[in-house]
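Heads up, the thing below is written out as C-alpha cells.
The values are calculated or read from the model by the stated rules, or taken from the named source; none is laboratory data. As the structure is a prediction and not an experimental result, all values here were calculated from the model. For neighbour counting, all protein chains shown are included, and Cβ atoms are generated from backbone atoms with ideal geometry for every residue, glycine included. Just so you know, the surface numbers come from the protein's heavy atoms only, side chains and all, with ligands and any DNA or RNA stripped out. Shrake-Rupley method; radii C 1.70, N 1.55, O 1.52, S 1.80 Å.
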Amino acid sequence: VNNITNWYKNNESIMLLYMPFEGGSNSTYTKDYSGNNNDGAVNSATWNQTGGKIGGGYEFDGSNDYIEISNSLTFTNQITIELWVKWKEFPEDVGGHAVLSKSNSATDGFMIYQSTGFPFNRLKVFLHNGTSDNSFQSGSRLNISKWYHVVLTSDGNSLKLYLNGTLDNESSWKGNIS
C-alpha cells in the first residue's frame with residue numbers, strides 16, 4: 001500500500017473525490033479518501049493489485065464495466081480533474097469508450113472518452129451544461145501500453161487538456177461543469 005494523502009485548506013478537504021485505488025479497493029468496492037464518502041461500486045471491472053501506475057488499478061474491457069459513484073458531486077466553473085490511464089487497444093467503433101463521465105440527465109454533464117472517429121487514438125472531451133455544448137479532442141495521438149497522466153482544468157473561461165504535464169489542447173468555455 002502506498003501513502004494516501006488528502007489535501008486540506010482551512011481544515012476542509014479541497015478534493016470532492018479521491019480514489020487512489022489503494023488500501024480499500026477490491027472487485028466490488030473502492031474507497032473515496034476525500035472525506036466526502038463518495039465510495040465507488042465496481043461493476044464488472046477487474047481489480048489488479050499491481051496493475052495501476054502506482055500500486056493497484058482496475059482493468060476495463062469496454063463492455064459495460066465501470067465504477068459508479070453517487071451523483072452527489074457538485075462541480076463549479078473552477079475545477080481540476082486528473083487521472084492515470086493506459087490502453088491495451090483502441091477499438092474502432094462509434095460507441096466511444098468513456099474514461100470518466102458525469103451526467104445528471106441527457107442534457108447535463110461531461111465526458112472524457114476515446115475518440116469515436118478516425119484517428120481513434122485520441123482523447124475527446126464533451127461538456128453540456130443545459131444551455132451550451134463544447135467538444136474538443138487531444139492534439140496528440142496516444143499509444144497502446146503507455147501510461148498517460150490526463151488533466152482537465154477549467155478556470156471559468158477556458159478548458160485546458162494536459163497530457164503528461166504538457167498542455168495538449170484548450171477550448172473556451174463559460175459556465176459550470178455539471
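Taking segment 24-41 as the range and being surrounded by fewer than 19 Cβ atoms within 10 Å (Cβ to Cβ) and either farther than 16 Å from S70 by Cβ or among the β-branched types (V, I, T) (or both) as the test, the residues that pass are G24, N26, S27, T28.
Residues in segment 109-121 that are open to solvent by less than 50 Å² (accessible area, probe 1.4 Å) and either in a strand (DSSP E or B) or charged (D, E, K, R) (or both) were compared, and the one that is farthest from K174 (Cα to Cα) is Q114.
Restricting segment 127-171 to residues that are among the hydrophobic types (A, V, I, L, M, F, W, C) and free of Cβ contacts under 8 Å to residues at least 40 places away in the same chain, the residue that is surrounded by the fewest Cβ atoms within 10 Å (Cβ to Cβ) is L167. Return the only residue of K174, K124 being open to solvent by 20 Å² or more (accessible area, probe 1.4 Å), at pLDDT below 90 and closer than 26 Å to G51 by Cα. Answer to the check: K124. Within segment 45-69, restricting attention to residues that are more than 17 Å from the chain's Cα centre (by Cα) and loosely packed, with under 12 Cβ neighbours inside 10 Å, the residue that is nearest to H149 (Cα to Cα) is T50. Of the strands (runs of 3 or more DSSP E) lying entirely inside segment 1-86, those containing at least 2 residues that are closer than 25 Å to G109 by Cα and touching a residue at least 12 places away in the same chain (Cβ under 8 Å) span 40-43, 57-59, 66-68, 78-85.
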